[in-house]
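Some notes on the structure that comes next.
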Amino acid sequence: MRYMLFSMQRSRFQLAALGLAAFSVMLLGAHHTTAPSPKPLATATPIPAFTATPEPAKAAVPPSVVVYQFETTGEMPKNISSSIAQLFDQQLTVGGLHVIMPPNGIVRSNYLTNAHASKADYYISGYLTPLGDGAAMVVQVVTADTGIMIFSKTAQIFSTNDAAAQADAAREMMLAHSGQLAQYDQAPPTATPQPDSTQGASTSLGGLFGIFKHGSKSSNSGIAPAVANQDKPDRIAIIARVGGGGIDTGTLTSATQSLSGAMSRYFRTQVDRSNSSDIPPNADAICGSNRNATIAGGTLGQQHSHGKAQSTFTLRIYTCFGAVIYEGDPVTGGSAQEAIDQAVSTYATQNPSNS
């Protein structure tokens, strides 16, 4: 009996020990539970590198030039000086240069000072001397900041094309000297056509400007004398392109140059850059902000009979609203220049104030 009680007590102790061991294992298991994996650190989104937007390339500023009147010798009237200077102005402007007008009456000794004060890059001066049936022309290009002559050329000229060719040569030299030749067409501007074997030789200087004593013709004997610059009316005449059906472009361009030269003898002028002969619908744009100007244009016709050309020109003057305020009678001459000279002379005589 005593042995049975002892056995039962020992069994209880064994069960209790087993329970305690199991409880200890449970505690140890609780302390060794696998820790959760840590969350990955947030990665900062990279900021895109700042890229500056390149500025557009600035267009090169074209060279600026002052063209002074050419000095004359011999029997040539002084009005050729302003005519040649204006021809250079037109040719250089068409060729991409900025032309600055000089003051009236300036003398050679003040050319450099005036060009520098006008912020010009260059100035052009020259000489004209009668030579045979034409003239010897000396063209000089001088830098306005240093007074150094960079170009000097002597040529014999017989026509407006010859004179324009000298302006083209001076233009190319100024562009090359300024480092801008590659940015412009190196071919001469087309404002004044070059003569060729099929086209009659370009208008002679004698016919265009009425300058050479031996070049004047009786048909021009009735041309009104030129007006001094200081006596010209303030109202500007804007020269539009001459029109004419069936006439080649070169002849019309030459006629437009002739109209500009003829009008400049009596009025202050400027040239329309739109190059349009359709004036009424474009009059507002032609005048721009100069609402007090007139627009000079016209129509050229030509006929050929027995190997001789005969030209007829009708001059028209418009307001900036496109209305015709003057239409002259058709004038006929042996050349376009003769007809234009006579038509403009008639207008200047009848309307000296350009109104």
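Bear in mind these aren't lab numbers, they're just calculated from the coordinates by the rules spelled out. The structure presented is a predicted model; accordingly, all values stated were derived computationally and were not measured. Here the Cβ positions follow ideal geometry from the backbone for every residue, glycine too, while neighbour counts run over all protein chains shown.
Here the range 94-143 and the range 226-288 have alpha carbon centers that stand 23 Å from each other. Here the label points at Lys119 and His304, each 7 Å from Cα along the C-beta direction, are separated by 5.2 nm in the simple model.
The range 226-355: D in µm²/s via Stokes-Einstein (Kirkwood Rh, Cα pairs, 10 °C, 1.306 mPa s)?
Estimated diffusion coefficient is 109 µm²/s.
In loop segments of the range 262-326 as defined by DSSP, the chymotrypsin sites (Phe, Trp or Tyr not before Pro) with at most 16 further C-beta atoms inside 10 Å of their C-beta are Phe321.
Across all directions, the average projected area of the convex hull around the alpha carbons of the range 298-353 is 3.9 nm².
Between Ala182 and Val138, what length comes free when the chain is fully extended (0.36 nm per residue of separation minus the Cα-Cα distance, one decimal in nm)? Full extension from Ala182 to Val138 adds 13.2 nm. In the range 99-153, the inverse of the mean reciprocal separation of distinct Cα atoms equals 12.2 Å; this is its Kirkwood hydrodynamic radius. In this rough spin-label picture, where each label sits 7 Å from Cα along the Cβ direction, the Ala224-Ile325 distance is 1.5 nm.
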